[in-house]
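Data block below; observations after.
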There are 2 protein chains.
Amino acid sequence: MIAEKMKPFVQNNSAIRMMFEEGNRLRSIYGADKVFDFSLGNPSVPAPDCIREAIIELVNEVEPTVLHGYMSNAGFEDVRQTIAESLNRRFGTAFSAKNLIMTVGAASGLNIILKAITNPGEEIITFAPYFLEYGSYVRNYDGKLVTISPDTTTFQPNLKEFEEKITANTRAVIVNTPHNPTGVVYSEETIKKLASILEEKQKEFGTVIYLISDEPYRELAYDGVEVPYLTKYYANTIVGYSYSKSLSLPGERIGYVVIPDEADGSEELISAATIANRINGSVNAPSLMQKVIAKCVDAEVDVSAYDKNRTALYNGLKECGFECIKPQGAFYLFVKSPVENEKEFCEAGKKYNILMVPGSSFACPGYVRLAYCVSYDTIINSLPAFKKLAEEFGL
Amino acid sequence: MIAEKMKPFVQNNSAIRMMFEEGNRLRSIYGADKVFDFSLGNPSVPAPDCIREAIIELVNEVEPTVLHGYMSNAGFEDVRQTIAESLNRRFGTAFSAKNLIMTVGAASGLNIILKAITNPGEEIITFAPYFLEYGSYVRNYDGKLVTISPDTTTFQPNLKEFEEKITANTRAVIVNTPHNPTGVVYSEETIKKLASILEEKQKEFGTVIYLISDEPYRELAYDGVEVPYLTKYYANTIVGYSYSKSLSLPGERIGYVVIPDEADGSEELISAATIANRINGSVNAPSLMQKVIAKCVDAEVDVSAYDKNRTALYNGLKECGFECIKPQGAFYLFVKSPVENEKEFCEAGKKYNILMVPGSSFACPGYVRLAYCVSYDTIINSLPAFKKLAEEFGL
């Protein structure tokens with residue numbers, strides 16, 4: 001009864017649902033505070049107060065037919081201009097309202113970019129490990145996802161293999177920094193190298209290759225690390241941003257796409273992406289939330305809470321003997337499984353009420369992802385359980 | 001620089017933008033109150049007070065990580081259950097939370113249904129005149145839109161031609177009642193006939209044909225007319241609903257899909273549509289608005305304001321000599337152009353600051369659509385202008 005293309009998704013989905021149900025089952029038996037669920041990337045730090053205040057102000061002050069009404073498919077112009085100016089202040093860019101399209105989160109943003117640019121069979125490159133949904137998004141437009149194998153020493157992108165795999169058929173490259181699932185932030189050096197490879201390959205093939213920067217974790221960076229703004233290093237960069245993590249609004253589905261004037265075919269591309277926003281069914285980003293963002297454009301969540309979790313979990317795991325790089329961004333640790341088949345390790349974790357996501361779910365088996373966007377107590381209380389788990393595996 | 005598939009959209013889009021800009025141009029010259037813009041289906045009646053009150057209550061009472069957080073891709077279970085129970089009370093149906101998927105408006109709802117069921121080349125039937133976006137949505141999944149020519153006497157669906165055009169390759173039929181652009185409400189008799197044709201054709205071809213009911217205008221019905229609930233007449237009905245018009249929230253992008261237990265492959269279909277919600281980039285319907293809907297589940301906009309507009313504009317146009325059926329729903333009049341090429345008539349209207357949408361934009365040339373979701377003053381003030389326009393065309 002369903003489309004052929006959907007069948008593998010439906011089969012695979014039951015695995016995800018089983019994991020979710022396992023969490024609920026454990027919580028119902030042992031109590032929520034005894035289950036160490038590191039499986040979900042759902043922000044634990046609440047949205048800043050500014051959000052609540054802005055919502056109340058807006059519903060009290062703005063005429064409802066405007067506040068909840070249709071606007072251009074790209075979003076309210078004043079909202080886009082406000083965000084553009086904030087980006088310009090922070091990153092020295094030169095965007096204006098016309099370069100931004102408000103979207104239903106970054107997931108929708110990536111979809112409208114891919115819909116705007118991808119012809120069937122064209123290749124979109126990304127670096128493993130990666131958010132598996134990229135594959136679904138690319139398949140939505142009959143593109144072909146080409147993946148670069150991971151550099152498991154640094155989890156910086158493997159640029160040698162990248163260079164080899166770019167072809168005349170390469171339409172775009174998706175990068176994600178700070179990175180899910182490793183927490184790595186791409187250094188300026190890496191980005192410069194990546195940009196120069198793309199420049200060369202564009203010349204070699206006489207093609208345009210877009211660099212799509214998926215940045216829901218931009219504001220979650222620690223140790224004072226810089227997260228370079230990619231449009232400044234490569235003209236054909238398109239940004240997909242989300243407020244899901246930066247303002248803890250994942251359920252509200254609010255983000256934007258930036259298409260700079262410098263990008264090849266910028267005007268046509270902005271038009272195509274705006275139309276894609278309409279015909280993929282989003283029509284526009286939620287109107288009230290657009291106006292909330294404009295009022296809270298410089299607000300921040302309390303990143304220090306994530307930083308505290310990061311340090312406690314990282315140190316705790318290292319003390320247990322686990323191998324892991326210390327991430328500088330996002331809210332994930334990517335831990336080496338003590339056995340080759342990390343699913344076995346995940347299964348063993350459940351005995352200690354520890355829920356982890358296998359690295360296979362990010363095209364990087366042999367590792368597990370821990371989302372530390374949980375309470376600090378959960379981190380601390382989980383450490384004895386991790387200790388037992390480590391001992392079981394002879395660490 | 002853009003995908004081949006997007007090129008016709010970009011070309012066509014400039015025509016729509018030109019119409020929008022023409023409105024702005026006229027308003028800047030003559031003042032907003034002197035321009036009679038009947039081109040946009042943007043609700044003029046404000047959202048009921050309940051919406052504002054619910055928003056304020058929710059942001060003051062619900063923990064932000066829950067209120068703005070991720071939930072199941074189908075939406076909050078309590079919200080879906082509340083809506084299901086409201087439908088059951090009103091229509092004698094037997095839905096529960098599992099039959100509903102909260103969506104980013106009806107446009108996204110139609111997209112996830114079509115993505116869930118459509119294989120490339122399969123046919124989706126609809127009745128002209130129709131909302132041209134149906135064509136875009138069907139093409140998103142490489143389906144083929146098959147259209148039934150209009151019955152311009154009643155604008156009820158032409159069931160004879162419908163019966164003839166159903167093939168073994170027909171996957172679904174989209175209906176829209178109350179109807180954009182005609183305002184017609186399909187009678188119970190029509191729906192029974194349509195259902196019986198579908199039943200027979202399913203038997204004849206040994207196929208499953210879904211009836212997709214696109215119902216953003218369900219609550220906008222006048223003269224006490226009944227709008228039959230389609231799942232009660234045909235088991236393979238899927239509903240796409242939106243609060244855009246019923247609660248005047250078009251910018252918020254909130255609606256739902258109903259897949260009844262009676263539909264063939266219901267469980268698999270619910271799963272596929274929920275996954276489609278995720279991978280098309282919506283992920284989930286906006287979280288705050290989901291909870292607002294649950295609190296306002298029985299709220300209504302002031303439909304009497306639209307009814308007053310309807311009567312005044314209909315009577316005024318008839319007095320001028322225009323031909324038009326009196327609609328019983330939605331907020332549109334579909335008026336016969338006094339000349340064959342209705343675009344000529346639309347152009348002439350601009351001289352009197354009247355903005356109308358040509359019927360060609362709904363695959364029904366020779367007619368124009370007037371959206372009467374404007375202020376009552378606009379209606380009254382436009383009548384002398386329509387009088388002059390009628391005289392110009394010798395009516």
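I'm trying to understand the selection: among the residues of the stretch A:367-395, which are without any contact (Cβ under 8 Å) to a residue 60 or more places away in the chain and either among the aromatic types (F, W, Y) or under 30 Å from A:E133 (Cα atoms) (or both)? Before the answer, list the steps.
We begin by selecting, within the stretch A:367-395, every residue without any contact (Cβ under 8 Å) to a residue 60 or more places away in the chain; these are A:368, A:384, A:388, A:391-394.
Listed by number, the residues that qualify are A:V368, A:F393.
Just need a number here: residues in the stretch B:350-359 that are crowded, with 20+ Cβ neighbours inside 10 Å and closer than 20 Å to B:G31 by Cα. Talk me through it step by step, then tell me what you get.
Our first condition is that a residue be crowded, with 20+ Cβ neighbours inside 10 Å; within the stretch B:350-359, this holds for B:354-359.
Among the residues that remain, those that are also closer than 20 Å to B:G31 by Cα are: B:354-356.
Looking only at that region, the number is 3.
Residues checked against (1) within 9 Å of another protein chain (Cβ to nearest Cβ); (2) assigned to a helix (DSSP H, G or I); (3) surrounded by 17 or more Cβ atoms within 10 Å (Cβ to Cβ); (4) at pLDDT 95 or above:
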residue: B:F9; (1), (2), (3), (4): yes, yes, yes, no
residue: B:G23; (1), (2), (3), (4): no, yes, yes, no
residue: B:I29; (1), (2), (3), (4): no, yes, no, no
residue: B:V45; (1), (2), (3), (4): yes, no, yes, yes
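Of the residues making up the stretch B:156-177, those that are open to solvent by less than 20 Å² (accessible area, probe 1.4 Å) and closer than 23 Å to B:A116 by Cα are B:I166, B:T170, B:A172, B:V173, B:I174, B:V175, B:N176, B:T177.
The residues of the stretch A:31-43 that are open to solvent by 70 Å² or more (accessible area, probe 1.4 Å) and not hydrophobic (A, V, I, L, M, F, W, C), listed by number, are A:D33, A:K34. Could you give every pair whose Cβ atoms fall below 7 Å, whose first residue belongs to the stretch A:94-105 and is on the phi > 0 side of the Ramachandran plot, and whose second residue is buried (at least 24 other Cβ atoms within 10 Å of the Cβ) and modelled with pLDDT of 95 or more, counting only separations of at least 6 or pairs across chains? Sorted first by the residue in the stretch A:94-105, then by its partner, the pairs are A:G105/A:S242; A:G105/A:S244; A:G105/A:R253; A:G105/A:I254; A:G105/A:G255. Checking B:P129 against (1) in a loop (DSSP other than H, G, I, E, B); (2) within 14 Å of chain A (Cβ to nearest Cβ): exactly one of these is not met. Which one? Result: B:P129 passes all but (2).
So in the stretch A:33-59, with the set limited to residues that are among the small types (G, A, S) and within 20 Å of the chain's Cα centre (by Cα), which one is farthest from A:I380 (Cα to Cα)? Of everything passing the filter in the stretch A:33-59, A:A47 is farthest from A:I380 (Cα to Cα).
Across the stretch B:219-236, what is the number of residues that are in a loop (DSSP other than H, G, I, E, B), within 15 Å of the chain's Cα centre (by Cα) and surrounded by fewer than 22 Cβ atoms within 10 Å (Cβ to Cβ)? Show your work before the answer.
Of the residues in the stretch B:219-236, the ones in a loop (DSSP other than H, G, I, E, B) are B:219-220, B:222-229, B:233-236.
Among the residues that remain, those that are also within 15 Å of the chain's Cα centre (by Cα) are: B:219-220, B:227.
Applying the additional criterion that residues be surrounded by fewer than 22 Cβ atoms within 10 Å (Cβ to Cβ) yields B:219, B:227.
Final tally of qualifying residues: 2.
Scanning the stretch B:237-280 for residues that are buried (at least 24 other Cβ atoms within 10 Å of the Cβ), at the interface with another protein chain (Cβ under 9 Å from one of its Cβ atoms) and assigned to a loop (DSSP other than H, G, I, E, B) gives B:S244, B:L247, B:S248, B:L249, B:R253, B:I254, B:N280. Here A:M19 clears all of (1) within 8 Å of another protein chain (Cβ to nearest Cβ); (2) closer than 30 Å to B:D261 by Cα; (3) in a helix (DSSP H, G or I); (4) open to solvent by 40 Å² or more (accessible area, probe 1.4 Å) except the condition numbered (1).
Looking at B:E204, B:E199, can you tell me which residue is farther than 20 Å from B:I112 by Cβ and either open to solvent by less than 10 Å² (accessible area, probe 1.4 Å) or touching a residue at least 24 places away in the same chain (Cβ under 8 Å) (or both)? Can you show your working first?
On the way: B:E204 fails: either open to solvent by less than 10 Å² (accessible area, probe 1.4 Å) or touching a residue at least 24 places away in the same chain (Cβ under 8 Å) (or both).
Matching residue, one of B:E204, B:E199: B:E199.
Scanning the stretch B:88-126 for residues that are of a type outside the set (D, E, K, R) and either closer than 30 Å to B:S361 by Cβ or within 14 Å of chain A (Cβ to nearest Cβ) (or both) yields a count of 23.
Going by the conditions given, is B:G41 in a loop (DSSP other than H, G, I, E, B) and either more than 12 Å from chain A (Cβ to nearest Cβ) or in contact with a strand residue (DSSP E or B) (Cβ under 9 Å, 6 or more places away or on another chain) (or both)? Here the answer is yes, as B:G41 does meet what is asked. Just checking, does the stretch B:286-298 include any residue being within 25 Å of B:G23 (Cα to Cα) and open to solvent by less than 20 Å² (accessible area, probe 1.4 Å)? Checked against the condition, which is being within 25 Å of B:G23 (Cα to Cα) and open to solvent by less than 20 Å² (accessible area, probe 1.4 Å), the stretch B:286-298 yields no hits at all.
This table checks each residue for (1) open to solvent by 40 Å² or more (accessible area, probe 1.4 Å); (2) in contact with a Pro (Cβ under 6 Å, 6 or more places away or on another chain).
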{"residue": "A:E133", "(1), (2)": "no, no"}
{"residue": "A:G143", "(1), (2)": "no, no"}
{"residue": "A:T154", "(1), (2)": "yes, no"}
{"residue": "A:N180", "(1), (2)": "no, no"}
{"residue": "A:V185", "(1), (2)": "no, yes"}
{"residue": "A:K193", "(1), (2)": "yes, no"}
{"residue": "A:I209", "(1), (2)": "no, no"}
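If the condition is being in contact with a Gly (Cβ under 9 Å, 6 or more places away or on another chain) and open to solvent by less than 10 Å² (accessible area, probe 1.4 Å), then the stretch B:119-130 contributes B:I124, B:T126, B:P129.
Once the stretch B:299-325 is narrowed to residues that are part of a loop (DSSP other than H, G, I, E, B) and in contact (Cβ under 8 Å) with a residue 60 or more places away in the chain, the residue that is most open to solvent (accessible area, probe 1.4 Å) is B:E300. Note on the stretch A:226-251: residues that are closer than 29 Å to B:N73 by Cα and in contact (Cβ under 8 Å) with a residue 40 or more places away in the chain total 12.
For B:V208, the stated conditions hold: it is within 14 Å of chain A (Cβ to nearest Cβ) and either within 25 Å of B:G255 (Cα to Cα) or more than 15 Å from the chain's Cα centre (by Cα) (or both).
Considering the stretch B:290-316 alone, what residues qualify as being in contact with a Leu (Cβ under 7 Å, 6 or more places away or on another chain) and hydrophobic (A, V, I, L, M, F, W, C)? Working first, answer last.
Step one: of the stretch B:290-316, the residues in contact with a Leu (Cβ under 7 Å, 6 or more places away or on another chain) are B:291-292, B:296, B:299, B:301, B:303, B:306, B:313-314, B:316.
B:V292, B:C296, B:A299, B:V301, B:V303, B:L313 - these are the residues of the stretch B:290-316 that are in contact with a Leu (Cβ under 7 Å, 6 or more places away or on another chain) and hydrophobic (A, V, I, L, M, F, W, C).
If you go through the stretch B:74-105 and keep only what is within 27 Å of A:K245 (Cα to Cα) and crowded, with 20+ Cβ neighbours inside 10 Å, you end up with B:A74, B:G75, B:F76, B:V79, B:R80, B:I101, B:M102, B:T103, B:V104, B:G105. For the stretch B:135-152, the set of residues classified as more than 9 Å from every other protein chain (Cβ to nearest Cβ) and touching a Leu at 6+ places or on another chain (Cβ under 6 Å) consists of B:G135, B:V138, listed by residue number.
The values are calculated or read from the model by the stated rules, or taken from the named source; none is laboratory data. These numbers come from a predicted model, not from an experiment. Here Cβ is always computed from backbone atoms with ideal geometry, including for glycine, and neighbour counts include all displayed protein chains. Heads up: the accessible areas ignore ligands, DNA and RNA and are worked out on the full protein's heavy atoms, side chains in. Shrake-Rupley method; radii C 1.70, N 1.55, O 1.52, S 1.80 Å.
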